[in-house]
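Notes for the one structure printed next.
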Amino acid sequence: MITEREIFLTDPEEKEKVIEFLKTFDLTFTGNIDYTMGLFDDGKLIGTGSLGGRVMRDIAISEDYQKKGLTRRIIRNLQGESFRRGITGNQIFTKPKNVPVFEHMGFKPVAVAEPYAGLLEHGDDTLDDYLHRIRTILGSGEGINRGAIVMNCNPFTLGHRSLVEYAVNNCDEVIIFAVQEDRSIFPFSHRFSLIKQGVKDMKNVSVVSGGNYIISNATFPTYFIKGTDELAAQTKLDATVFATRIAPALNITVRFVGEEPTDKTTLAYNQAMREVFSNNGIELKIIPREQKGNQIVSASTVRKALSEDDWETIYRMVPKSTLTYLKSPDGQEIIRKIKMLDAFKAMDKKEKTTTTKKRKVAKK
């Protein structure tokens, strides 16, 4: 008899079973998981699925048990757990060939990025719902040259402001999509406010949340494609959702991004956008990064300066609105967290170095 139950990832042995099971399907188990369930036959794990927020992920069934309706059983379990958590809409990733399987279960395709990934959704708060809300706020954008920028702003810097200024000078209207995913040291509500404060003097600029469909846990499926294909899948799916669904619905004709000479992920993302956008009639403008002296203005440099109490660098790289925030109680709390995290990283690095040295000595 096949039974189902929650798998507690806090138990190392249970977690290892899931990791090893997924490896047989070339699926990579990663973090950001809130709940995992398993199907068992006489105690043997034969199927599993997980939830990360509203995203269903890591769904797999042993080959001998496929085509027996067990995928639907996993989906029902995850939907039930979602409901218990107050989540009334889900997203799911699969390889393109499996999209029809989930369509038969009531999921609606959002976008497919061949040959890597398909994104589907079900329930409330769909992409159409999100786009309807944005159109209600900003209008359709018909008859104007509307541009877009996607920003995380961890925190908002003069580099971000420079990019917005360039866009304003080259468009009738600019929409800034603030990345909603809360994986940054600066919380979304703070980042959103910093962006609004940083551009409030500019005309024809609107700031909206990127929601669940722009650089989110939904459009970056890091968990199921390994190796060099993983980054291509992440970037191409996100670019495809924007180019085929978001841009047409909001009449966006151009997207502005900052040049990235070193970061592997951003380089790949820019390349994916260039390829996908050109096939969908959207212009991509890559703008040189703002510099102060010989230093590129970046949020990572600001965070490093905050950790080191290097206020001279901070003054050069952030607008007054961000500076005011950094000196507020909220800002000071974030700075404390940055310093604490950096201290932990330094300790961890030191411990690893010490362990490596001891191993070398032991081998001699």
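Any read-out appearing in this document is the output of simple, stated calculations on the displayed coordinates, not a laboratory observation. It should be emphasised that the depicted structure is a prediction, and the values quoted were computed from it without experimental measurement. So basically every Cβ, Gly included, is an ideal-geometry build from the backbone, and we count neighbours across all protein chains shown.
Set the Förster radius R0 to 45 Å, insert the Cβ-Cβ distance between Thr253 and Lys304 as r into 1/(1 + (r/R0)^6), and round the FRET efficiency to 0.05. With R0 = 45 Å, the Cβ-Cβ based efficiency is 0.80. Over 18 Å between Cα atoms: which of Lys196/Lys320; Lys196/Lys304; Lys196/Lys285 fall into that group? Distance filter (> 18 Å) returns Lys196/Lys304; Lys196/Lys285.
Beta-bridge orientation, the stretch 127-332: approximately 10 percent antiparallel, per DSSP, counting only bridges with both partners inside. Rounded to the nearest 5, the antiparallel percentage of DSSP beta bridges internal to the stretch 87-194 is 65%. Between the Cα long axis of helix 329-363 and the first principal axis of the chain there is an angle of about 60°, rounded to the nearest 10.
When each of Glu230, Glu142 is scored by the number of other beta-carbon atoms lying within 10 Å, the sequence from fewest to most is Glu142, Glu230. In this rough spin-label picture, where each label sits 7 Å from Cα along the Cβ direction, the Lys200-Ser278 distance is 4.2 nm.
Entry note, the stretch 1-87: relative contact order of 24 percent, from Cα contacts under 8 Å with a spacing of 6+ residues. Pairs exceeding 28 Å between alpha-carbon atoms, taken from Lys108/Lys200; Lys67/Lys108; Lys200/Lys264: Lys108/Lys200; Lys200/Lys264. Close amide H partners of Ser62, meaning residues 5 or more places away or on another chain with modelled amide H under 5 Å apart, are Gly47. Arranged from fewest to most other beta-carbon atoms within 10 Å of their beta carbon, Leu267, Leu306 become Leu267, Leu306. Taking the DSSP beta bridges with both ends in the chain, the antiparallel portion is around 60 percent. Working from label points 7 Å from Cα in the Cα-to-Cβ sense, the Arg183 to Lys337 distance is 1.6 nm. By the Kirkwood approach, averaging reciprocal distances over each pair of separate Cα atoms, the stretch 124-280 gets a hydrodynamic radius of 16.1 Å.
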